[in-house]
Amino acid sequence: MIADIPAGNIEDIPTVSAITSGKSPVDPIVQNPGGIGLRWAADDHLVFMSYRDGFPHLYSIEHPGHNSRPMLLTPGSFMVEQVTLTPDRRFIIYNANTGADRNDLDRRHLFKVSINAATPTPLTSGMGIEWSPAVTADGQTIAYLAAGAQRPPAPAVIPISGGTPRNIGGERLPPDFPTQQLVTPELVSFRASDGVEAHGQLFKPPSNVSGEARKPAVVYIHGGGPRQMLLGWHYRWEYANDYGANQYLTSRGFIVLSVDYRLSVGYGQSFQFPDNTGARGATEYRDILAAGKYLQSRPDVNPARIGVWGASLGGYLTALALGRNSDVFAAGVDIHGVHDRLPAINTTQLAHALVGDGITESDLKQALKVEFESSPIAALPTWKSPVLLIHGDDDRTVDFHQSVDLKRRLLEKGVKVEELVLPDDVHDSLLWRNWKSSITAMAEFFERNLRSKR
């Protein structure tokens, strides 16, 4: 993920051959988002995760391996993510984005499968999201974390034989928690200009929220790349905060579309590892543009008042959206995004570093050209939309100067720039007050720039 590493160092640049070929290197085992899940199970079985059929699935092989072939334990078009063994090591408990409902594509449910038979049994179902399973020492109960569209994460338990889950902490919400005001997002899909289908979660304001018949809308872009946003509270704390932010924008009358662009997990190997992404050409941006055009096509959205926001890699793609398509995205909030992929590269030093690798000067020039054109600063000539830049000045992941430099460039062009600096804060804010101030500033910025003037 380019936005999870400091920009400007030689070792940060993808290999020249990878940039010029556009290919994304894929190892069918080690690239699994939940790890390889390598475990010794009962009866000399080795359990592991692999993309052998295009999705990350569980396999087992009996020792000695030269006399047997790996058995696929979890067949289907879905992703296995978190895995644990029962104490007797004869069953695997895992969560996956599958189930009886098509919308389970953007959820997580728990399953149980034997180490030597492809007969998965669902343990949880419905509109909830379940993760982090752990089996009690007696092997009779599974403890896990659960959430929903309105219910934040809380621990729960279920018998290992199945049955009715029991929450063991979900009733301890603060009395002022706005459960009844939270909406249930819906799964939507749309196609990019090259035909790739992307998915997203659409948040629509409740009927009791007043406003225009055609409402302002916002595209949300998650960070990280190999992530998947869900139809409820997320299992990672930073995306749980972002989910809350999208609910907050919805409560203020905005339609919000959270996008799982190519690079996201949960939709198969070809979607997660596409060619020409990031520094190789930023083809994932096509899904962001498709999301904006999808909103423009909706009868409940004002097509002239669509915003965009995201953090880290999401901030990078937000800046690309504002630079390349101010005609679609009328305003944006860019949180600690990368804007210049080559701010301090010494090309002579880089050329020396590549001596002996068979890289020509022409290859090097082409690689640097592609990387520059994949940077938001390359789109400054067409950037017109106002932007709010938010960045912690002690960010060790994306250099704070990335935002300082972009602000200077935009002001020289006459683009409206607002800024919120978080003193002594890092990439993902350590203090709740900084999350709160950032979300508040974002909402107020969109209110000023996307609401119809009356």
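Read the figures in this text as sums done on the coordinates, not as results from a lab. Being a predicted model, the structure only gives us computed values, none of them experimental. Glycine gets a Cβ as well: all are built from the backbone with ideal geometry, and neighbour counts include every protein chain shown.
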- Message: Calculate the FRET efficiency for S437 and M71 from the Cβ-Cβ distance with a Förster distance of 56 Å, rounded to the nearest 0.05.
- Response: 0.60
- Ranked highest first by the average count of other Cβ atoms within 10 Å around their residues, in what order do 213-224, 369-380 fall? 213-224, 369-380
- Query: Which far-off residues, 5 or more places away or on another chain, put their amide H under 5 Å from the one on R262, with H placed in the peptide plane?
  - Reply: D287
- Query: Is it possible to state the helix-based mean residue ellipticity at 222 nm for the chain, with each DSSP H run of 4+ residues giving -39500 (n - 2.57), the sum divided by total residues, to the nearest 500 deg cm²/dmol? What is it?
  - Reply: -7000 deg cm²/dmol
- Counting sequence-distant residues (5 or more places) and residues on other chains, those with an amide H built under 5 Å from that of V308 are V219, A331, G332, V333
- Message: Given contacts defined as C-alpha pairs under 8 Å and at least six residues apart, what's the relative contact order of the chain, whole-number percent?
- Response: 14
- Where a Cα-Cα gap under 16 Å defines reach, which aspartates and glutamates qualify for K384, not counting those fewer than 8 residues away within the same chain? D327, D334, E412, E418
- Please list the non-local residues whose amide H lies under 5 Å from the amide H of A282, H modeled 1.01 Å from N, same-chain partners needing a gap of 5 or more. T277
- What pairs in K369/K407; K204/K413; K416/K436; K293/K416; K293/K436 have C-alpha atoms more than 27 Å from each other? K204/K413; K293/K436
- Task: Please list the radius of gyration and Dmax for the chain, considering alpha-carbon atoms only, with Å as the unit.
- Result: 23.1, 76
- Report, as a whole number in µm² per second, the diffusion coefficient that Stokes-Einstein gives for the stretch 184-450 at 37 °C and 0.692 mPa s using the Kirkwood radius over alpha carbon pairs. 174
- Item | Span from the the stretch 408-434 Cα centroid across to the the stretch 199-236 one, whole angstrom | 23
- Mean Cβ-within-10 Å packing, highest first, puts peptides 120-129, 307-316, 69-78 in the order 307-316, 120-129, 69-78
- Message: Under a Cβ-only charge scheme (Lys and Arg +1, Asp and Glu -1), can you give me the dipole magnitude of the chain about the Cα centre, in debye to the nearest 20?
- Response: 1420
- Most exposed to least, judged by fewest other Cβ atoms within 10 Å, E238, E447, E130 sort to E447, E238, E130
- Query: Rounded to the nearest 0.05, what FRET efficiency is calculated for K413 and W237 with R0 set to 41 Å and r the Cβ-Cβ distance?
  - Reply: 0.65
- Message: Test of understanding: what is the full-extension gain from R172 to E447, defined as 0.36 nm times their sequence separation minus their Cα-Cα distance?
- Response: 95.7 nm
- Item | Antiparallel bridge percentage (DSSP; both residues within the chain; nearest 5) | 65
- Message: Need one number: nm distance between label points at W40 and A143, each 7 Å from Cα along Cα→Cβ, rounded to one decimal.
- Response: 2.7
